[in-house]
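Undergrad: Got a structure for you, questions after.
The values are calculated or read from the model by the stated rules, or taken from the named source; none is laboratory data. All values reported here derive from a predicted model rather than from experimental measurement. Cβ sites come from the backbone with ideal geometry, for glycine too, and all protein chains shown count toward neighbours. Note: areas computed on protein heavy atoms with side chains; ligands, DNA, RNA excluded. Shrake-Rupley method; radii C 1.70, N 1.55, O 1.52, S 1.80 Å.
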Amino acid sequence: IQPYEKIKARGLPDNIASVLNKLVVVKLNGGLGTSMGCKGPKSLIGVRNENTFLDLTVQQIEHLNKSYNTDVPLVLMNSFNTDDDTKKILQKYSHSRVKIYTFNQSRYQKTSPLGGKEYIFVSNIDNLGATVDLYILNHLMNPPNGKRCEFVMEVTNKTRADVKGGTLTQYENKLRLVEIAQVPKAHVDEFKSVSKFKIFNTNNLWIALFLFQTLDGGLNVIQLETAVGAAIKSFENSLGINVPRSRFLPVKTTSDLLLVMSNLYSLNAGSLTMSEKREFPTVPLVKLGSSFTKVNSY
């Protein structure tokens with residue numbers, strides 16, 4: 001597991017635009033807003049100045065494409081719950097400088113419209129900290145030892161709020177994601193320990209697209225649903241990067257929503273930046289009473 005500072009210290013090359021043109025951004029967009037009492041896709045909940053998770057994502061990538069004159073596409077992985085509603089809303093972005101594609105998570109894509117791309121950056125659409133990081137991308141494309149990483153998992157330091165997060169272990173010379181559901185009851189407290197397992201998976205993942213293989217047409221496959229990060233065990237030359245906490249800003253509850261709506265953060269081109277007046281790098285712990293659980297009451 002490498003510290004992010006070491007990767008950032010390498011700086012950026014002059015040809016960062018050509019590196020960006022080999023990237024695809026994939027957002028996991030299968031969730032509903034049920035935990036916050038909403039109907040329909042969670043990505044359509046307003047999080048900041050009427051902007052939804054999807055609005056902010058599109059703004060981030062559009063800003064990237066305009067700044068570097070690139071063509072980074074956005075791919076939304078929908079579920080049967082979110083597919084129709086998401087497709088309807090996409091018309092509003094028809095004039096934005098982002099090509100948007102969708103596919104259904106229960107379907108296997110045989111062909112891809114994204115020829116020439118080499119890496120995908122996968123993250124949850126409700127993680128507002130999961131923006132495209134040029135330093136990590138450069139590290140993938142121009143590795144210092146000449147050998148390209150096939151799978152990078154962004155991890156960050158655990159706080160007491162993250163004790164259930166999955167962690168990385170090494171087994172048979174490969175990195176593996178271990179989640180709390182896999183841990184025997186007798187060892188759960190050990191797994192939650194902040195001193196023994198210091199980091200957890202943010203689910204910001206960078207995966208080598210050039211290694212994906214397509215199956216012959218007409219072949220039936222049985223899909224087993226697993227955590228996307230668990231795929232790390234199927235790749236060689238994997239890496240964990242210990243990133244700043246700012247790369248992990250999920251909105252799972254109205255308490256999280258209060259945090260990102262507050263003046264602790266300012267919004268710039270779809271990205272949230274924590275105020276420099278905050279004395280600590282971690283976010284304050286917010287706990288709203290049960291009467292505020294649903295967005296409407298909140």
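Undergrad: When you check residue 105 against the structure, is it more than 27 Å from residue 244 (Cα to Cα) and either touching a residue at least 40 places away in the same chain (Cβ under 8 Å) or under 17 Å from the mean Cα position of the chain (by Cα) (or both), yes or no?
TA: So residue 105 fits the description; yes.
Undergrad: Also: Can you spot a residue in the stretch 23-35 that is touching a Ser or Thr at 6+ places or on another chain (Cβ under 8 Å), closer than 20 Å to residue 82 by Cβ and modelled with pLDDT under 90?
TA: yes
Undergrad: Is the stretch 180-190 home to any residue that is at pLDDT 90 or above, farther than 22 Å from residue 122 by Cβ, assigned to a loop (DSSP other than H, G, I, E, B) and open to solvent by 40 Å² or more (accessible area, probe 1.4 Å)?
TA: Looking for residues that are at pLDDT 90 or above, farther than 22 Å from residue 122 by Cβ, assigned to a loop (DSSP other than H, G, I, E, B) and open to solvent by 40 Å² or more (accessible area, probe 1.4 Å), one finds at least one in the stretch 180-190, hence yes.
Undergrad: OK, next. Looking only at the stretch 104-122, count every residue that is modelled with pLDDT of 85 or more, open to solvent by less than 50 Å² (accessible area, probe 1.4 Å) and closer than 30 Å to residue 142 by Cα and tell me the total.
TA: Summing the residues that are modelled with pLDDT of 85 or more, open to solvent by less than 50 Å² (accessible area, probe 1.4 Å) and closer than 30 Å to residue 142 by Cα in the stretch 104-122 gives 6.
Undergrad: Hey, any hits in the stretch 240-256 for a residue that's modelled with pLDDT of 90 or more and at positive phi?
TA: Checking the stretch 240-256: not a single residue is modelled with pLDDT of 90 or more and at positive phi.
Undergrad: Report the residue count in the stretch 84-102 for those that are open to solvent by less than 30 Å² (accessible area, probe 1.4 Å) and within 19 Å of the chain's Cα centre (by Cα).
TA: Residues flagged as open to solvent by less than 30 Å² (accessible area, probe 1.4 Å) and within 19 Å of the chain's Cα centre (by Cα) within the stretch 84-102 amount to 2.
Undergrad: Report, ordered by the first and then the second residue, all pairs with beta carbons closer than 9 Å, sequence separation of six or more or different chains, a first member in the stretch 243-260 that is free of Cβ contacts under 8 Å to residues at least 12 places away in the same chain, and a second member that is open to solvent by 20 Å² or more (accessible area, probe 1.4 Å) and assigned to a loop (DSSP other than H, G, I, E, B).
TA: none
Undergrad: Out of curiosity, is residue 68 out of contact with any Gly (no Cβ under 6 Å at 6 or more places or on another chain), without any contact (Cβ under 8 Å) to a residue 60 or more places away in the chain and under 14 Å from residue 26 (Cβ atoms)? Step through it out loud before you land on a result.
TA: Numbers: out of contact with any Gly (no Cβ under 6 Å at 6 or more places or on another chain): yes; without any contact (Cβ under 8 Å) to a residue 60 or more places away in the chain: yes; under 14 Å from residue 26 (Cβ atoms): no.
Against the criterion (out of contact with any Gly (no Cβ under 6 Å at 6 or more places or on another chain), without any contact (Cβ under 8 Å) to a residue 60 or more places away in the chain and under 14 Å from residue 26 (Cβ atoms)), residue 68 does not qualify.
Undergrad: Now for a separate question. Does residue 232 meet the test of being part of a strand (DSSP E or B), surrounded by 21 or more Cβ atoms within 10 Å (Cβ to Cβ) and either aromatic (Phe, Trp, Tyr) or modelled with pLDDT of 90 or more (or both)? So that I can check it myself, show each step before the final result.
TA: On the way: part of a strand (DSSP E or B): no; surrounded by 21 or more Cβ atoms within 10 Å (Cβ to Cβ): yes; either aromatic (Phe, Trp, Tyr) or modelled with pLDDT of 90 or more (or both): yes.
Judged against the criteria, residue 232 is not a match.
Undergrad: Out of all the residues in the stretch 43-100, which are within 26 Å of residue 18 (Cβ to Cβ), of a type in the set (Val, Ile, Thr) and part of a helix (DSSP H, G or I)?
TA: Matches in the stretch 43-100: 57, 58, 61.
Undergrad: Something else: What are the pairs with Cβ atoms under 9 angstrom where one residue, in the stretch 163-176, is more than 14 Å from residue 196 (Cα to Cα) and surrounded by fewer than 17 Cβ atoms within 10 Å (Cβ to Cβ) and the other, located anywhere, is at pLDDT 90 or above and of a type in the set (Ser, Thr, Tyr)? Sequence gap at least six, or different chains.
TA: 174/234; 174/238
Undergrad: Restricting to the stretch 74-104, name every residue that is among the β-branched types (Val, Ile, Thr) and more than 15 Å from residue 42 (Cβ to Cβ).
TA: Filtering the stretch 74-104 for residues among the β-branched types (Val, Ile, Thr) gives 75, 82, 86, 89, 98, 100, 102.
Matches in the stretch 74-104: 75, 98, 100, 102.
Undergrad: Kindly indicate whether any position in the stretch 156-167 is modelled with pLDDT of 95 or more, closer than 30 Å to residue 17 by Cβ and out of contact with any Asp or Glu (no Cβ under 9 Å at 6 or more places or on another chain).
TA: Within the stretch 156-167, not a single residue is modelled with pLDDT of 95 or more, closer than 30 Å to residue 17 by Cβ and out of contact with any Asp or Glu (no Cβ under 9 Å at 6 or more places or on another chain).
Undergrad: Restricting the stretch 5-17 to residues that are modelled with pLDDT under 95 and out of contact with any helix residue (DSSP H, G or I) (no Cβ under 9 Å at 6 or more places or on another chain), which is most open to solvent (accessible area, probe 1.4 Å)?
TA: Here the residue is 14.
Undergrad: Restricting the search to the stretch 251-273, which residues are surrounded by fewer than 16 Cβ atoms within 10 Å (Cβ to Cβ), within 25 Å of residue 139 (Cα to Cα) and either β-branched (Val, Ile, Thr) or in contact with a strand residue (DSSP E or B) (Cβ under 8 Å, 6 or more places away or on another chain) (or both)?
TA: 273
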